[in-house]
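Worksheet: one structure, shown below.
The values are calculated or read from the model by the stated rules, or taken from the named source; none is laboratory data. Remember, it's a predicted structure, so these values are computed and weren't measured experimentally. Note: ideal-geometry Cβ built from the backbone for every residue, glycine included; neighbour counts use all protein chains shown.
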Amino acid sequence: MRSLSEIETAVKRASRAVGFSWGNSEEVGKSIRQLELFGLQGIKNLNKYYKDKASKKFEELNLICETNEASLDAYCPVVLGISFLDQIKSVENFNTIKFKKIAYPVIFLSFLSRASEISGKKIHVRFDQNEILLNLNVNISSNFLKQNIPEFANDIEIKFINNEDNFNESGME
Amino acid sequence: MSADEDKYFNIPTNRTTNELKDIIRTRYSKILKINFDQKENYQNFWFISKNKEEPRLADRFEEHGSELEQPLAIARDIKKLYEKLLSVKDNLTIAQFLSVNSELRHVVRRAFIIEKFPYSEIQDNTISKNIVPIDMLRLKLSFFGALKFDPRSDKWLRICMFQGAPLPNELKNYDEQWVYKTIN
């Protein structure tokens, strides 16, 4: 079995080899490491994505708005994820962030999980029929753990959840 | 010997290009004086060996493979970052800067890490013609407890560890300065 550190290094080098900058490759390494830690298929999906990337053109979104629709086949989950992390201070103020067409959404999820930790808020993600709760990069809950994660998501909706107690004051007495 | 660098892995993208420039001027002042237009200052490159997956040094003008260079030319890349920062507005956020300069992301991260950990970086030109890798190796090994360095070339050396250290039956009463007494 590979250690998480080996996974991170291998992913970093593979990402560089497919053309991402070193800095972006470091981000992918960190994110896929986190997915594998949570038991999600990070390496498997990234490997498929990098093979697809050689023959298909994916759209790179650098500025995230409340509603975003890819004009090409799909958004690149890596560039989208890094943009999301970088713009976390602005996107966390949106009520709902919507995306249309993301390739390999599980790769994007890994960045969202880290975004949840940075913003200090849980993030709720809905894509197609799937629902996921990203809990401050500590864990990921979803309603499809036993299924394979789809390689394409058509409609994605993201909401930051404000921190609130799930009990009232009398519950503390 | 440990530091929680992971805590600072995420780039603080809400900070400004002006702040980043200040960090570079403060922490990399000597690096900024290096002229990377001179061949001898970027003569070497680092790559990873296929068999042992260890860093190796090669001459970029005599050997193939510099396009696969590892991101270990920190001095050169920091200077490139600084020069880029001089050409953009002071009040850009780092997020805005990175959206069009992703090739500099690895050094932006390092600059923000060195702000917190001043000793996190080798303050020298690691790709210069005059680089002596064994200097870095000795520094690293000394942190692991190596003593009595025996250089075999400028790229590798033999060491001795824990010679003169107290034995288990001497641990109740031993000289805490033993390490310094065994160096010579």
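Put simply, of B:D77, B:D6, B:D59 the only residue that is among the acidic types (D, E), surrounded by fewer than 18 Cβ atoms within 10 Å (Cβ to Cβ) and either at pLDDT 95 or above or over 19 Å from the mean Cα position of the chain (by Cα) (or both) is B:D59. Would you confirm whether any residue within the stretch A:62-74 is modelled with pLDDT of 95 or more and under 30 Å from B:E54 (Cβ atoms)? For the stretch A:62-74, residues modelled with pLDDT of 95 or more and under 30 Å from B:E54 (Cβ atoms): absent. Scoring B:V108 on the criteria (1) closer than 14 Å to B:Y8 by Cβ; (2) aliphatic (A, V, I, L, M); (3) more than 9 Å from every other protein chain (Cβ to nearest Cβ) leaves a single failure, condition (3).
Residue count for the stretch A:77-94 satisfying the condition of being over 11 Å from the mean Cα position of the chain (by Cα), more than 10 Å from every other protein chain (Cβ to nearest Cβ) and under 19 Å from A:N24 (Cβ atoms): 1. So, B:A95, is that one among the hydrophobic types (A, V, I, L, M, F, W, C), within 24 Å of B:M136 (Cα to Cα) and either loosely packed, with under 14 Cβ neighbours inside 10 Å or at pLDDT 95 or above (or both) or not? Spelling it out, it is not the case that B:A95 is among the hydrophobic types (A, V, I, L, M, F, W, C), within 24 Å of B:M136 (Cα to Cα) and either loosely packed, with under 14 Cβ neighbours inside 10 Å or at pLDDT 95 or above (or both).
For the stretch B:149-169, the count of residues that are within 29 Å of B:L32 (Cα to Cα) and surrounded by 14 or more Cβ atoms within 10 Å (Cβ to Cβ) is zero.
A single member of A:S71, A:S55, A:S83, A:S110 is within 17 Å of A:V18 (Cβ to Cβ), outside any strand (DSSP E or B), without any contact (Cβ under 8 Å) to a residue 40 or more places away in the chain and not aromatic (F, W, Y), and it is A:S55. On the stretch given as the stretch A:115-173, residues that are hydroxyl-bearing (S, T, Y) and exposed (fewer than 10 other Cβ atoms within 10 Å of the Cβ) total 1. May I ask you to say which residue of B:I113, B:I159, B:I127 is over 30 Å from B:F61 (Cα atoms), outside any helix (DSSP H, G or I), modelled with pLDDT of 90 or more and in contact with a Phe, Trp or Tyr (Cβ under 7 Å, 6 or more places away or on another chain)? Going through B:I113, B:I159, B:I127 in turn, just one is over 30 Å from B:F61 (Cα atoms), outside any helix (DSSP H, G or I), modelled with pLDDT of 90 or more and in contact with a Phe, Trp or Tyr (Cβ under 7 Å, 6 or more places away or on another chain): B:I159.
Listed by first and then second residue, the pairs linking a residue in the stretch A:22-40 that is touching a residue at least 24 places away in the same chain (Cβ under 8 Å) and within 11 Å of chain B (Cβ to nearest Cβ) to a residue that is among the hydroxyl-bearing types (S, T, Y) and outside any helix (DSSP H, G or I), with Cβ atoms under 6 Å apart and 6 or more places separating them unless they lie on different chains, form an empty list. Of all the numbered requirements in (1) surrounded by fewer than 23 Cβ atoms within 10 Å (Cβ to Cβ); (2) without any contact (Cβ under 8 Å) to a residue 60 or more places away in the chain; (3) charged (D, E, K, R), A:K98 misses one, and that requirement is (2).
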